[in-house]
Amino acid sequence: MYIPKHFAETDVARMQALMRAHPLATLVSHGPDGLNANHIPWLLANDATPYGTLQGHVARANQLWKTGNVAGEVLVVFQGDESYISPSGYATKAEHGKVVPTWNYAVVHAYGELRVIDDPVWVFAQISALTAANEAALPQPWAVTDAPADYIEKMLGAIVGLEITITRLLGKWKLSQNQPPANQTSLIRALAGTPMGELIRQQQQQ
């Protein structure tokens, strides 16, 4: 990923927060048929590793997990908030008009080796934890154990667990850091009430 210095994010905690807030990520792997991309909701496990461990699952029918279908390192791309940036939001538009559109975004790339876990006990724990994390904010959170046990057992048989111990993280927060402060401030006003407006405000205060 191309990362100009002013867009580089190195704070592991901030990158992990984005991963937890946007758990559906793209797993990019390389196998016998070339590049392969799968869209998987991940749980970032709390462990003692420097960058964390990703845990997920795929359908048993997905060839990804079969032996020999993944070679070497894999990449998981987490896409955070993003927004088109109109030149109309820049204060300097009225001064000289030398402005062009762009796109702001925050992304994290996580690297590691994929491990397949074909164990219903592990998979049950993984889907239970993933469900709990995503149901927590709901007024009446649903739990895996709310469904009939025989139904869950059948569903578990149709999926396989995946785990990636993250060996490196790359973060890119492209939030108008290359613009003069006046343009950053005017963008915050133009994007007030949106996630991107808040992200630019937070970035400006760092």
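Summary of computed values
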| read-out | value |
| --- | --- |
| Subset tally (residues that are out of contact with any Phe, Trp or Tyr (no Cβ under 9 Å at 6 or more places or on another chain) and polar (S, T, N, Q)) for segment 141-175 | 1 |
| Segment 127-136, subset of a type in the set (A, V, I, L, M) and over 16 Å from the mean Cα position of the chain (by Cα), residue nearest to ASN62 (Cα to Cα) | ILE127 |
| Unmet criterion (only one of (1) under 30 Å from THR49 (Cβ atoms); (2) under 19 Å from the mean Cα position of the chain (by Cα)) for ALA158 | (2) |
| Residue among LEU169, LEU156 that is surrounded by 18 or more Cβ atoms within 10 Å (Cβ to Cβ), farther than 30 Å from GLN204 by Cβ and among the hydrophobic types (A, V, I, L, M, F, W, C) | LEU156 |
| Residue pairs meeting the criteria (Cβ under 6 Å; at least 6 apart or on separate chains; first closer than 17 Å to MET155 by Cα, in segment 129-144; second of a type outside the set (A, V, I, L, M, F, W, C)) | TRP142/GLU135; VAL144/SER128; VAL144/THR131 |
| Yes/no for GLY197 being surrounded by fewer than 21 Cβ atoms within 10 Å (Cβ to Cβ), over 30 Å from ALA59 (Cα atoms), in contact with a Lys or Arg (Cβ under 9 Å, 6 or more places away or on another chain) and not hydroxyl-bearing (Ser, Thr, Tyr) | yes |
| Top-ranked residue of segment 6-27 - restricted to ones that are touching a His at 6+ places or on another chain (Cβ under 9 Å) and surrounded by fewer than 17 Cβ atoms within 10 Å (Cβ to Cβ), ranked as farthest from HIS109 (Cα to Cα) | LEU24 |
| In segment 90-126, residue surrounded by the most Cβ atoms within 10 Å (Cβ to Cβ) [restricted to those that are within 22 Å of the chain's Cα centre (by Cα) and more than 27 Å from ALA71 (Cβ to Cβ)] | ALA106 |
| Verdict on TYR51 being part of a loop (DSSP other than H, G, I, E, B) and within 18 Å of the chain's Cα centre (by Cα) | yes |
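Computed from the coordinates by the stated procedures, all read-outs in this text should not be read as laboratory data. Not measured: the values here are computed from a predicted model. Neighbour counts run over all protein chains shown; Cβ positions are idealised from the backbone, glycine included.
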